[in-house]
């Protein structure tokens, strides 16, 4: 049985940790409110942009444009969004697991996948799994703005046009609500057509472009890719803060349970010590008499 001194030291240590987890929970709660508002404001545009561009490109017919067909050797570029810090439950590990153990990526060869990591946790996890890290931008996850997403999309589109990559994906965590966060992998280019339009069933008329097709697509597709990355960033930040708030709340509750258990152990040890001292006093008194 641990001594009273050891129990007291451990209790004090856990109380200090509990104060930290309480503070982190409070900070995460405040950040979550801001991130949630941004994610909800951007979600409608994010979803509408994806659906609209896919629907539009399904009506392009035989338009020949670098953004509409892949010329690469099958290499895939994946923008993986995670955080730079831990203590967020399974937020980071779920994104890494999405890339490693997922039906959508089951037949992928890590050697043919270029990871563009936003956040150090995904970069470190995927590097250990054998994926090549083509680029890392840990600062983009801290208070991201649209220009961050545009910078990343311009880099990817340049490689796509040059034929260095043939597919562009985004792996992020979709924010449903405070307690539900879904790791998601979407293909950005070439655009995946809606199911009802993939076979032409939902196409009522061809798409007419004004100005010319090449000029229109040169304007639309970069905005589409940048918007998809920016929307994923907003969703991931809200999910990160929600996951961290839950993790710190659980840690605080666990610390409280441990403190109560240690208090009980301390009282028992103290009672045992007092009983032993009384027994020794009585035994000494009887020996003298």
Evaluate the range 93-113: report whether one residue or more is surrounded by 24 or more Cβ atoms within 10 Å (Cβ to Cβ), assigned by TED's automatic domain parsing to the domain that holds residue 242 and within 10 Å of the chain's Cα centre (by Cα). yes
Count, please, the residues in the range 111-122 that happen to be over 20 Å from residue 160 (Cβ atoms) and touching a strand residue (DSSP E or B) at 6+ places or on another chain (Cβ under 8 Å). 3
Is there a residue being out of contact with any strand residue (DSSP E or B) (no Cβ under 7 Å at 6 or more places or on another chain), at negative phi, surrounded by 14 or more Cβ atoms within 10 Å (Cβ to Cβ) and free of Cβ contacts under 8 Å to residues at least 40 places away in the same chain anywhere in the range 136-148? no
Would you mind finding the one in 220, 229, 259 that is surrounded by fewer than 19 Cβ atoms within 10 Å (Cβ to Cβ), in contact (Cβ under 8 Å) with a residue 40 or more places away in the chain and in the same structural domain as residue 117 (by TED's automatic domain parsing)? 220
Take the conditions under 22 Å from residue 155 (Cα atoms), touching a strand residue (DSSP E or B) at 6+ places or on another chain (Cβ under 8 Å) and without any contact (Cβ under 8 Å) to a residue 24 or more places away in the chain and apply them to residue 127. Does it pass? yes
Looking only at the range 213-234, how many residues end up being more than 11 Å from residue 150 (Cβ to Cβ) and under 23 Å from the mean Cα position of the chain (by Cα)? 6
Being within 28 Å of the chain's Cα centre (by Cα), at pLDDT 85 or above, in the same structural domain as residue 139 (by TED's automatic domain parsing) and crowded, with 16+ Cβ neighbours inside 10 Å is true for just one of 83, 42. Which residue is that? 83
For the range 139-172, which residues satisfy the criterion of being under 13 Å from residue 233 (Cβ atoms) and part of a helix (DSSP H, G or I)? 139, 140, 141, 146, 147, 148, 149, 150, 151, 152, 153
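The values are calculated or read from the model by the stated rules, or taken from the named source; none is laboratory data. Values in this document were obtained by computation on a predicted structure and should not be read as measured data. FYI the Cβ positions are ideal-geometry reconstructions off the backbone, even for glycines, and counts take in every protein chain you see.
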